[in-house]
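Student: Pasting a structure below so you can have a look.
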Amino acid sequence: MAYSAGGGGYVFRTAGLLGPAGEPVEEAAFRLPFQWVLTALAAVLLVTIFLYGDRKRQLRVLRGSYLLTLLVIAFLFITDRSLRGWLGTMGPVEAHFGIAFFLPFATLLLTFLAERAIRRDEELVRSADRLR
């Protein structure tokens with residue numbers, strides 16, 4: 001996300017807020033770097049892929065990743081509102097959202113579709129077991 005306020009441009013990255021010259025803004029530093037939360041989400045989703053042998057466990061882990069994805073979305077919105085408030089002290093704030101702002105929503109949608117596919121696979125295996 002990019003913000004314009006007080007005659008300068010600010011950029012929100014996963015490591016923090018960068019000022020007009022590209023330096024980190026210490027006044028708006030995060031207590032928990034956003035990159036850690038995104039790394040945890042990526043690790044959970046990667047582990048989910050390799051649990052294909054145990055579909056029930058795979059579904060449980062995938063459902064748990066919903067909470068982590070919702071945490072990412074909530075963090076994005078809270079951070080956006082906080083940064084707008086902080087930058088609002090310098091003058092009018094103009095925000096520009098890039099595609100990365102909407103990727104957690106795509107992650108939520110793709111996770112939902114993966115859950116549906118895993119459930120269908122489980123039903124297919126059960127029906128094949130009944131035929132034997």
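Student: Check Ala95, Ala114 and return the single one that is touching an Asp or Glu at 6+ places or on another chain (Cβ under 9 Å), on the phi < 0 side of the Ramachandran plot and in contact (Cβ under 8 Å) with a residue 40 or more places away in the chain.
Tutor: Step by step, each of Ala95, Ala114 is checked, and only Ala95 is touching an Asp or Glu at 6+ places or on another chain (Cβ under 9 Å), on the phi < 0 side of the Ramachandran plot and in contact (Cβ under 8 Å) with a residue 40 or more places away in the chain.
Student: Given the residues Gly22, Gly9, which is the only one that is over 19 Å from Gly85 (Cβ atoms), outside any helix (DSSP H, G or I) and either out of contact with any helix residue (DSSP H, G or I) (no Cβ under 8 Å at 6 or more places or on another chain) or among the charged types (D, E, K, R) (or both)?
Tutor: Only one candidate qualifies: Gly22.
Student: In this structure, does Arg57 turn out to be open to solvent by 90 Å² or more (accessible area, probe 1.4 Å), in contact (Cβ under 8 Å) with a residue 12 or more places away in the chain and more than 18 Å from Met1 (Cβ to Cβ)?
Tutor: When the stated conditions are applied, Arg57 does not pass them.
Student: So in the range 88-132, with the set limited to residues that are open to solvent by 80 Å² or more (accessible area, probe 1.4 Å) and outside any helix (DSSP H, G or I), which one is farthest from Asp54 (Cα to Cα)?
Tutor: Looking at residues that are open to solvent by 80 Å² or more (accessible area, probe 1.4 Å) and outside any helix (DSSP H, G or I), I get Pro92.
The values are calculated or read from the model by the stated rules, or taken from the named source; none is laboratory data. Here the structure is a predicted model, which means the values were calculated and not measured. We place every Cβ from the backbone using ideal geometry, glycine too, and count neighbours over all the protein chains shown. Heavy atoms of the whole protein, side chains included, go into the accessibility calculation; ligands, DNA and RNA do not. Shrake-Rupley method; radii C 1.70, N 1.55, O 1.52, S 1.80 Å.
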